[in-house]
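First the structure, in the form of C-alpha cells, and then the observations on it.
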Amino acid sequence: MKKLLIILDPAHGIEVPGKRSPDGKHREYKWSRERLRELAPRLEALGYTVVWTNTTEKEIGLSARKNAGTLLAKQHPDLIPFLLSLHNDASGDGSQWMKASGISVWTSKGRTTSDIFADCFIQAFKEVIPEVKHRQYSPEYLQRDYEDNFTVLMGGYSANLIECMFQDNRDDVELLSDPAFNAKVVEALIKGFELSNNYITSKK
Ligand SMILES: [Zn+2]
C-alpha cells in the first residue's frame, strides 16, 4: 500500500459554457475525464487508493467538490490526502485563437505542503514532456480558472491544479487530440504521484 490518498477532481462539466477551443472541437471537461479515467487504474495497480470528487459528466459545484474531498480524506485517516484537479488553460475569452502555450502547476496561497507536491509534478512534467513550456506555480494563485476563489484547493487535504496546455492555442489543441501526447501526460502524472509518495515516505 502507498501512503497517498489520491483524490481525482475532473474539470468543469458538460453543461458549463466556454471551456473549449474556439472551434468547439476540444472540450476541457471531456479531456480531463478521459485522462483521469486512464490514470486511475494505473495508480491502483501501483498500490494507491484512488477516489473522486465527481464521477458525473456534470459540474456539481465547487463546494460539493471540496466537501467530497474533505469527507474522503476523513474516511481514510491512515492515508495522506492529496487532491489533483486537471484542467486545460486559456489565455483569451475563448472566441479566438491565442499564442500562449504550455503546462503550469498551481497551488494554494502561501507556503503549504501542497508546494511539495507541485515541485514533484513540475519535475515529472519537465522529465516526461521536456518539449513544451513549463511554468512554476504561483503563490498568488487563488483566482484561477473559476471566477471565485478556487474552493477545491482549500479543503482538508493538500491540492494542486494542473493547467495542461492551452485550449485556445492551435498547436496545443492539436497535441491534446494526439493519443501519443495524452499518453505522455498520463505518464507524467504517474511520475508526479510516485515522486510525491517517495518524498512523503522518506520523511516518515
Ligand atoms: Zn478549467
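The values are calculated or read from the model by the stated rules, or taken from the named source; none is laboratory data. The model shown is predicted, which means the values in this text are computed figures rather than measured ones. Note: ideal-geometry Cβ built from the backbone for every residue, glycine included; neighbour counts use all protein chains shown. Surface areas here come from the heavy atoms of the whole protein model, side chains and all, with no ligands, DNA or RNA. Shrake-Rupley method; radii C 1.70, N 1.55, O 1.52, S 1.80 Å.
Taking the protein heavy atoms of the range 4-203 in the context of the full set of protein chains, the accessible area attributed to carbon and sulfur is 53 percent at 1.4 Å.
Gain on full extension, evaluated as 0.36 nm per residue between K203 and S91 minus their Cα-Cα distance, stands at 36.5 nm. When the chain is described by a simple charge dipole with +1 on each Lys and Arg Cβ and -1 on each Asp and Glu Cβ, the residue from I14, F166, F193 located farthest towards its positive end is F193.
Build a GNM of the chain with springs between Cα atoms under 10 Å apart, and of D89, D178, D119 the one that fluctuates most is D178. Over all other residues within a Cβ to Cβ distance under 11 Å of L175, the charged ones net out to -3, with Lys and Arg as +1 and Asp and Glu as -1. Neighbours of H134, meaning other residues whose beta-carbon lies under 15 angstrom from its beta-carbon, give a summed charge of -1 when Lys and Arg score +1 and Asp and Glu score -1.
When Y29, Y199 are compared by accessible surface with a 1.4 Å probe, the order from highest to lowest is Y199, Y29. What net charge is computed for the residues neighbouring Y29, neighbours being all others with C-beta under 11 Å from the C-beta of Y29, Lys and Arg scored +1, Asp and Glu -1? Neighbour charge sum, excluding Y29 itself: +1. With protein chains left intact and a 1.4 Å probe, residues in the chain average 46 Å² of accessible area per residue.
The listed residues S63, S101, once ranked by accessible area (1.4 Å probe) with the largest placed first, stand as S63, S101. Taking all protein chains together, L72, L43 sort by accessible area into L72, L43, largest first [probe 1.4 Å]. In the chain, taking the dipole from charged Cβ atoms about the Cα centre, the farthest positive-side position among P77, I116, W52 is held by P77.
Remark: C-alpha extents of the chain on the principal axes read 48, 34, 32 Å, sorted largest to smallest.
Distance cut-off 18 Å, Cα to Cα: go down the list K126/K191; K133/K184; K3/K203; K3/K30; K3/K74; K25/K66 and report the pairs above it. Over 18 Å apart, Cα to Cα: K3/K30; K25/K66.
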